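What follows is calculated from the coordinates using simple rules that are stated; it is not laboratory data. On a predicted model such as this, the values are computed, not experimentally measured, just so you know. Please note: Cβ atoms are built from the backbone with ideal geometry, for glycine as well, and neighbour counts cover all protein chains shown.
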């Protein structure tokens, strides 16, 4: 007689996986095959709960779900017990903060597993449940921050970051279209300066600006000051936003930022944010750039810039 009597909500609570991930791993990867009641409700056995728990642990260690989903449970146990040769004990895995939306944990899992469909599906689900601004503030912003931390720690590779950037870029491009500014909307140019090759922060800033009705000109990453200034002049931009992520000690960046400010007309506001921005605070203050503390601060500043100069806060 089957011991499959656990409802999917119980399985979610015991494994730490969201309901969405459980269903995706079942349907797409045949990780488990739960029994069904007469009303088509899923029922899971203890062994299936163990498999899902092991799969969660293994994918967080960097294995692709597509490669491990159908392995025998015994093999999954062996993989889960593997310890990297460079480390005497398995380090705790960084996950979403307590109280964070379930979508954030699922997005992190999708990035670790290099599961493009799961990441895209989860972003769509979060957008429906939280709205565009909720998606940016509560899912994508902390996701971007956590991916950066994991990359710096060596927990994930550059391939994982590039994978996430590609999916998020396409998703935000489609999601921002309904909010795209009109011909009369203020223009903001968004990029990263030469030597700064991480683009997730810039993508996030662009989506936030588009949601607020700005016309966003996104230039990609690692551009020289002269090219950024030329694009800003050509587009009659009201602001230029730069994302600084890594490194935090680039000796060339001070000169790039100084040349950019000198090349920009004084009426164009220069906004600079990202985890590496505080390291360059002396030069930012010297050239009169506004340092963005977080996404909320960026949105507040963009709202202020849309107002006539006489109405802006001092």
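Across the chain, the mean sequence separation of Cα contacts (distance under 8 Å, 6 or more residues apart), normalised by length, yields a relative contact order of 11 percent. Maximal additional length on extending the residue 174-residue 293 stretch stands at 40.2 nm, based on 0.36 nm per residue less the C-alpha distance. The C-alpha atoms of the range 181-311 occupy a region whose extents along the principal axes are 38, 27, 27 Å, arranged from largest to smallest.
Normalised radius of gyration (Cα atoms, divided by 2.2 N^0.38 Å) for the range 153-215: 1.28. Measuring between their Cα centroids, the range 160-225 and the range 143-159 lie 20 Å from each other. In the chain, helical runs assigned H by DSSP with n ≥ 4 each contribute -39500 (n - 2.57); averaged across all residues and rounded to the nearest 500, the mean residue ellipticity at 222 nm is -16000 deg cm²/dmol. Working from Cα pairs under 8 Å separated by at least six residues, relative contact order for the range 1-86 is 30 percent.
A straight chain from residue 116 to residue 158 at 0.36 nm per residue would run longer than the Cα-Cα distance by 13.5 nm. One compactness figure for the range 97-179 is 1.02, namely its Cα radius of gyration divided by 2.2 N^0.38 Å. Annotation for the range 261-295 versus the range 1-25: alpha-carbon center distance of 48 Å.
In this label model, residue 236 and residue 28 are separated by 4.5 nm, measuring between points 7 Å along each Cα→Cβ vector.
Relative to the dominant Cα principal axis of the chain, helix 102-113 is inclined by about 80°.
When the Cα atoms of the chain are aligned to their principal axes, the ranges along those axes come out at 77, 47, 29 Å in descending order.
If the chain linking residue 281 and residue 77 were pulled fully straight, counting 0.36 nm for each residue of separation and taking away their Cα-Cα distance, it would gain 68.6 nm. Scaling against 2.2 N^0.38 Å puts the C-alpha radius of gyration of the range 179-247 at 1.05.
Once you have a ≥ b ≥ c as the square roots of the Cα gyration tensor eigenvalues for the range 107-258, tell me rounded if a/c is under 1.5, and otherwise prolate or oblate according to whether a/b is larger than b/c. Oblate, since a/c reaches 1.5 and b/c is not below a/b.
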